Amino acid sequence: MIARLPWIVTFVLWLAGGIVGCDDDPGPPEVVVYVSADRAVAIPILQAFTLETGIAVRPLFDTEATKTTGLANRIQREKERPRADVFWSSEPFAVEQLAAEGLLSPVNHALLESHPDHWRRPDGRWHAFAGRARVIAFDPERVPIEERPRFWSDLADPKWRDRIAMADPRFGTTRGHVGAIAAAGALGPGGMTFEEWTDAIARNRVRIMPGGNAATADAVVRGEVLLGLTDSDDVLVLLRRGVRIAAVAPRHLAEGVAAGGTMLIPNAAGMITGSQRPELASRLVAYLASAGVEEMLLHSPSGNLPVAHPEILSAEIPLEHSIVAPDPWAVSIPEVAVEMDRAVDAVMDSLAGGENP
């Protein structure tokens with residue numbers, strides 16, 4: 001188990017330039033990683049890796065709006081001359097697409113032998129860990145308890161017309177979420193199809209927030225909408241600031257259907273094909289997928305829930321980590337990755353056609 005460093009201490013070390021590699025560092029051993037997780041969450045973990053292994057890390061981050069999609073596109077562009085060794089993504093679906101294209105290579109490491117099958121690719125091209133819940137944010141003083149959505153299909157109700165916001169579905173976790181709904185084929189207690197759901201949210205004129213999930217939660221706080229489709233970590237950030245906001249984790253399937261709750265979207269890490277430092281890259285992937293990192297992420301500003309090592313949750317979770325995903329929805333990461341782009345196109349087409357119904 002990795003000892004958790006106080007976040008303020010590791011941030012000071014970051015400022016001192018003594019842990020994570022930078023341009024003035026003397027050289028090997030060093031590993032380059034593309035990271036779509038938030039900087040404030042990722043940097044202390046990469047620093048802890050360096051402290052434990054002596055391997056310096058050179059991270060490159062992307063913007064909040066494009067997140068994993070932008071970095072995945074970069075890996076595709078650089079496939080003839082890779083510039084990074086590891087891809088740490090805050091969602092697994094674009095990672096699976098890269099793996100299917102052969103742009104990630106199998107990682108075989110002793111520390112990964114016990115990693116659960118459901119949270120790894122059979123050939124070891126990625127390993128998943130530490131998830132965030134897909135939630136619907138709302139202002140608790142503006143949305144009464146009896147009106148709060150219990151199912152994701154409830155967003156089709158006409159009473160929410162012009163009152164819903166979501167991140168651009170072409171990027172990040174929203175992209176994977178719509179792909180999962182498409183792959184499932186049915187939604188809610190009535191068995192609503194994906195096409196029926198997209199048509200309904202188009203009629204309700206859902207507002208697209210180009211700034212991502214954080215901007216979606218902010219739109220709820222500003223009173224621009226009543227409901228915001230976002231991730232649990234974006235709500236937690238606001239709660240810790242004392243902002244008036246709350247969230248529900250609606251079910252995707254009917255009550256009583258096992259593994260039909262809200263969606264839990266894990267991180268995923270893999271070694272980029274063509275890495276010049278495969279041993280160092282494998283060590284970093286194994287570290288990221290460890291129980292210690294899942295525990296660090298649980299207690300980080302993101303509040304990620306452990307998926308590969310659920311025994312971590314047997315300990316009492318602090319109040320600030322109270323956004324949980326009971327009975328998480330069981331989805332196939334490869335199936336979602338296959339459906340994702342088609343689903344995004346369908347959602348964008350429906351929203352464009354539903355602007356003036």
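Can Arg4 be described as of a type in the set (D, E, K, R), surrounded by 13 or more Cβ atoms within 10 Å (Cβ to Cβ), under 23 Å from Phe129 (Cβ atoms) and modelled with pLDDT of 50 or more?
No, not satisfied.
Would you mind stating whether Leu298 is over 19 Å from the mean Cα position of the chain (by Cα) and modelled with pLDDT of 90 or more?
Spelling it out, it is not the case that Leu298 is over 19 Å from the mean Cα position of the chain (by Cα) and modelled with pLDDT of 90 or more.
Just need a number here: residues in region 118-140 that are touching a Gly at 6+ places or on another chain (Cβ under 7 Å) and open to solvent by 40 Å² or more (accessible area, probe 1.4 Å).
Residues flagged as touching a Gly at 6+ places or on another chain (Cβ under 7 Å) and open to solvent by 40 Å² or more (accessible area, probe 1.4 Å) within region 118-140 amount to 1.
Would you check which residues across region 141-160 are more than 18 Å from Val221 (Cα to Cα) and either open to solvent by 80 Å² or more (accessible area, probe 1.4 Å) or among the basic types (Lys, Arg) (or both) and list them?
Those that are more than 18 Å from Val221 (Cα to Cα) and either open to solvent by 80 Å² or more (accessible area, probe 1.4 Å) or among the basic types (Lys, Arg) (or both): Glu146, Arg150, Pro158, Lys159.
Okay, residues lined up against (1) under 19 Å from Trp152 (Cα atoms); (2) among the acidic types (Asp, Glu):
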| position | (1), (2) |
| --- | --- |
| Met192 | yes, no |
| Asp199 | yes, yes |
| Ala202 | yes, no |
| Ala217 | yes, no |
| Val225 | yes, no |
| Arg244 | no, no |
| Ala249 | yes, no |
| His252 | yes, no |
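His115 passes all but one of (1) modelled with pLDDT of 95 or more; (2) buried (at least 17 other Cβ atoms within 10 Å of the Cβ); (3) over 19 Å from Asn267 (Cα atoms); which number fails?
That leaves (3) as the condition not met.
Quick check: is even one residue across region 267-285 surrounded by fewer than 23 Cβ atoms within 10 Å (Cβ to Cβ), in contact with a helix residue (DSSP H, G or I) (Cβ under 8 Å, 6 or more places away or on another chain), at pLDDT 95 or above and part of a helix (DSSP H, G or I)?
yes
Select from region 173-229 the residues that are in contact with a Pro (Cβ under 6 Å, 6 or more places away or on another chain) and of a type in the set (Lys, Arg) and list them in ascending order.
If the condition is that a residue be in contact with a Pro (Cβ under 6 Å, 6 or more places away or on another chain) and of a type in the set (Lys, Arg), then Arg175, Arg203 are the ones that fit.
Right, Pro326: open to solvent by 60 Å² or more (accessible area, probe 1.4 Å), at pLDDT below 95 and of a type outside the set (Val, Ile, Thr) or not?
In short, yes.
Looking at Ile45, is it among the aliphatic types (A, V, I, L, M), under 19 Å from Asp231 (Cβ atoms) and in contact (Cβ under 8 Å) with a residue 12 or more places away in the chain?
yes
Can we say Asp154 is acidic (Asp, Glu) and either within 14 Å of the chain's Cα centre (by Cα) or on the phi > 0 side of the Ramachandran plot (or both)?
no
What's the total number of residues in region 286-317 that are free of Cβ contacts under 8 Å to residues at least 60 places away in the same chain, open to solvent by 30 Å² or more (accessible area, probe 1.4 Å) and part of a helix (DSSP H, G or I)?
Qualifying residue count, region 286-317: 4.
Mind listing just one residue for me: the one in region 215-243 that is touching a residue at least 12 places away in the same chain (Cβ under 8 Å) and farther than 23 Å from Thr63 by Cβ and, of those, surrounded by the fewest Cβ atoms within 10 Å (Cβ to Cβ)?
Residue satisfying both the conditions and the ranking: Gly223.
Need a quick list: strands (runs of 3 or more DSSP E) entirely within region 30-90 having at least 1 residues that are closer than 23 Å to Gly292 by Cβ and open to solvent by 10 Å² or more (accessible area, probe 1.4 Å).
By residue number, 30-35, 56-61.
Pairs only if they're at least six apart or on different chains, beta carbon under 6 angstrom, first in region 268-281 and of a type in the set (Val, Ile, Thr), second in a loop (DSSP other than H, G, I, E, B) and open to solvent by 40 Å² or more (accessible area, probe 1.4 Å); list them, first residue then second.
From region 268-281, the pairs are Ile272/Pro82.
The values are calculated or read from the model by the stated rules, or taken from the named source; none is laboratory data. Please read all numbers here as calculations on a predicted model, not as lab measurements. Cβ: placed from backbone, ideal geometry, glycine included. Neighbour counts: every protein chain shown. The area values use the complete protein model at the heavy-atom level, side chains included, leaving out ligands, DNA and RNA. Shrake-Rupley method; radii C 1.70, N 1.55, O 1.52, S 1.80 Å.
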